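In what follows, a structure is listed as structure tokens, so that the remarks can point back to it.
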Amino acid sequence: MRSKEYLSKIRRADGLQRAVLRGIAVEGNKATFRLVTDKTYNEADVAHAKRVSAEFVPAGFTADATVFKSVPDPSAVVREISAFLAGRFPAVAAFISPEDVHAEAGAGGGRFEIGVGKEEKSRFESGGVVDAVTAYLTQNFCGVWTGGFTFKEKPEAEIEHDIPPEEYAVAPRYFKICDYSAIDGAKPTLALYIADLTGETEGVSVCGTVTYFEERQTKNGKPYFSISLNDGSGQLRATYFSKKATLEKVRSLKFGDAVCLTGNNRIFNGGLSFDVKAVDYGAPPAGFVPEPRPSRPVPARYQAVFPEPVSDYVQTDLFGAAPLPDGLVKGEFVVFDLETTGLNSSPVGGNMDRIIEVGAVRIREGKICEKFSTFVACPVRLSEEIKALTGIDDEMLKGAPEIADVMRDFFKFCDGCVLVGHNVQFDIKFVRHYGEEQGYYFDHKTYDTLSFAQELLFLSNYKLNTVADEFGFTFNHHRAFDDAFVTAKIFIELCRKKNGLPRI
């Protein structure tokens, strides 16, 4: 939406001269614009807002507008500034506490001041911080906002403050349903991305291509259907009990058909399950490409898991050994491995298993230089099978950092690196799932040492221990750090053998 043009027209009304747009709520084909003003407004102002809003909705949509008056409280402005600095300027926020921020607010806007130490003066003045804070306040509060820094004496060895991060919520993504044709007649107009169907939701529609379709029967002989749907962002598996009036139409569905499912996403038997209430024909827009979701920025500091230097004397190039290829020497790689409570890496297939240990090493200039290793807190008891396989028990996980903190720090550790693993597609699914829950998107390029070994070696199998034996490496199998460490050594030797990096 053309927000500047929209607000320019909205502000022609006397009561909306300093109004800001706080959001747009979409329900069916109705879009409601939520406006905030710090001036007294009347019914004519609201009618004006509705007329302007109608000019900015797509064809086929109706528009509404709500207006409410709000003069910000100075303490609320201080909280907003502190949270904004923590998310946008973490290096700045490290030197500032909420007590260093002062704000005055009222009708027509306000002013803020941020107190900083004299030694940090150049850092704050050159970073565009004041302009960014001013723009943020202008966007979110009514009126004109100005601000600046004040410089004051601070203790020489002042402790850095960790400002609690603003609660992070990923805005759900939708696309318009095209070529609608009724079967059950739910008449949805917007479809939620399947990848965003991650919580309990009532009355939501998804739309995509049928990738699996099978008719089954209950014990009582009642027919029902198992349907899998893919929209390019993810895949959904659902069960549908057809209505008698539309049974034959549903039976005619087949692989490749474009349909939309409408229903409720609910917790069932401990996992999320999509309860289909209606099936209709419908398709994403022609040439639809899923809109990417931006990741949260890389954290400024480690919070729970702190990397440590590590080296391996075996890495020293022996006389006559083949040189390392340029691609390995010039790139940076994180080789990682996980231990989990099971093999289920897809939340669609039932309860998603949990990560209980993360192990990783960084390769820089062709050498293993840094390690990242931690247990992860687990709210469920480990099975005897997992205990026997990994040697990890429930007692060892007590006091371990939560998965949210681990993913935050692991995202920082992986910044700017290619990710490497043995059968990497298994582990990366866990990392991406639990990372996305916190807003961190591990969309890094990946290399798989399993397929790399298959390309270069002739072995009876390509399990990690078999490939390690080929190079004479011994290790403690089924522990995350040990597996990651030996995988890194294998990766280096395979690159040396090929004199280059693997194919994607």
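The values are calculated or read from the model by the stated rules, or taken from the named source; none is laboratory data. Predicted model, so just to flag it, every value in this text is computed and none were measured. Methodologically, a virtual Cβ is constructed for each residue, glycine included, from the backbone with ideal geometry; neighbour enumeration extends over all protein chains shown. For accessibility, only protein heavy atoms count, side chains too; no ligands or nucleic acids. Shrake-Rupley method; radii C 1.70, N 1.55, O 1.52, S 1.80 Å.
Annotations
- Karplus-derived 3J(HN,Hα) values for the stretch 243-252, using 6.51 cos²θ - 1.76 cosθ + 1.60 with θ = phi - 60°, are 7, 4, 5, 10, 4, 5, 5, 5, 4, 7 Hz; glycine and proline are entered as x.
- Reduced Cα scattering model of the stretch 205-308, Debye log10 I(q)/I(0), q = 0.13, 0.19 Å⁻¹: -0.58, -0.98
- Here the 3J(HN,Hα) profile of the stretch 448-461, calculated from phi with Karplus coefficients 6.51, -1.76 and 1.60 at θ = phi - 60°, is 10, 5, 5, 5, 5, 5, 4, 6, 10, 10, 10, 10, 5, 8 Hz, Gly and Pro shown as x.
- Candidate aspartates and glutamates for bridging to residue 498, where Cα separation is under 20 Å - those fewer than 8 sequence places away on the same chain excluded: 317, 326, 332, 365, 448, 455, 469, 470
- Interchain or long-range residues, amide H under 5 Å from residue 224's placed H: 216, 217, 218
- Counting charges near residue 198 (Lys, Arg +1; Asp, Glu -1) among other residues having Cβ under 9 Å from its Cβ returns a value of -3.
- With protein chains left intact and a 1.4 Å probe, residues in the stretch 454-504 average 52 Å² of accessible area per residue.
- Here the scattering of the stretch 408-455 is modelled by Debye summation over its C-alpha atoms, one equal scatterer each and no solvent; at q = 0.13, 0.17, 0.21 Å⁻¹ the log10 of I(q)/I(0) is -0.30, -0.49, -0.71.
- Estimated vicinal HN-Hα couplings, Hz - the stretch 174-179 in sequence order (Karplus 6.51, -1.76, 1.60; Gly, Pro = x): 10, 9, 7, 7, 10, 6
- Measuring against 26 Å, Cα to Cα, the residue pairs 69/187; 367/497; 330/497; 219/429; 4/445 contain 69/187; 219/429; 4/445 as the ones spanning a longer distance.
- Candidate cross-link partners of residue 387 among the aspartates and glutamates, defined by an alpha-carbon separation under 16 Å and a same-chain spacing of 8 or more, comprise 339, 353, 357, 395.
- Directionally averaged projected area (the stretch 381-437, Cα convex hull): 5.0 nm².
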